[in-house]
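Encoded as structure tokens, the structure appears first; notes follow it.
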Amino acid sequence: MDREWNDNQPIYRQLRDRVVAMILDGVLKEGDPLPSVRNVATEYRVNPLTVLKGYQQLVDEGLVETKRGRGMFINAGARGLLLQGERQKFLEEDWPRVYDTIQRLGLKAEDLLNGKSHGSPSARAKPDTPAKTRGPNPNQEER
């Protein structure tokens, strides 16, 4: 996890979001334990209550379960639940803006799938332009 916190959001929420990202990325898998509250608090120099609050959000969302005396563990199905939520959020919030931009710029599906753009530096470069050769470096000693 990143050690930097931003001022735009409470630290407990950022901590929750980082754990979610780790689940989505497959770093934390179903059944894996979360790092202990004490270890996270010490490593990231935050109050243990802040860590606990972030972890409690994960429990409230059904992503993590607490096993008394053993710690907190990623629930079965947590990644699928997160993917479903993230996909829905993307389709409702992000996609309409992306779609409008695509329409505004007149991009075609093949442009998007190939990742090519008529305005990209690679598309503007002259094909097979030979590199200029340079003479010997005047600061280098001859042998």
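Any read-out appearing in this document is the output of simple, stated calculations on the displayed coordinates, not a laboratory observation. These figures come from a predicted structure and were not determined experimentally. Counting neighbours? That spans all protein chains shown, and the Cβs are built from the backbone with ideal geometry, glycine included.
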Inset, instruction - For region 46-67, name all the residues that are more than 20 Å from Gly85 (Cβ to Cβ) and either among the β-branched types (Val, Ile, Thr) or touching a residue at least 60 places away in the same chain (Cβ under 8 Å) (or both). - result: Val46, Thr50, Val51, Thr66
Inset, instruction - Mind listing just one residue for me: the one in region 64-84 that is loosely packed, with under 13 Cβ neighbours inside 10 Å and not hydrophobic (A, V, I, L, M, F, W, C) and, of those, farthest from Val37 (Cα to Cα)? - result: Gln84
Legend entry - Filtered residues of region 14-57 (kept if acidic (Asp, Glu) and over 14 Å from Arg79 (Cα atoms)): Glu43
Legend entry - Scope region 1-33; condition closer than 12 Å to Tyr44 by Cβ and of a type in the set (Val, Ile, Thr); matching residues: Ile11
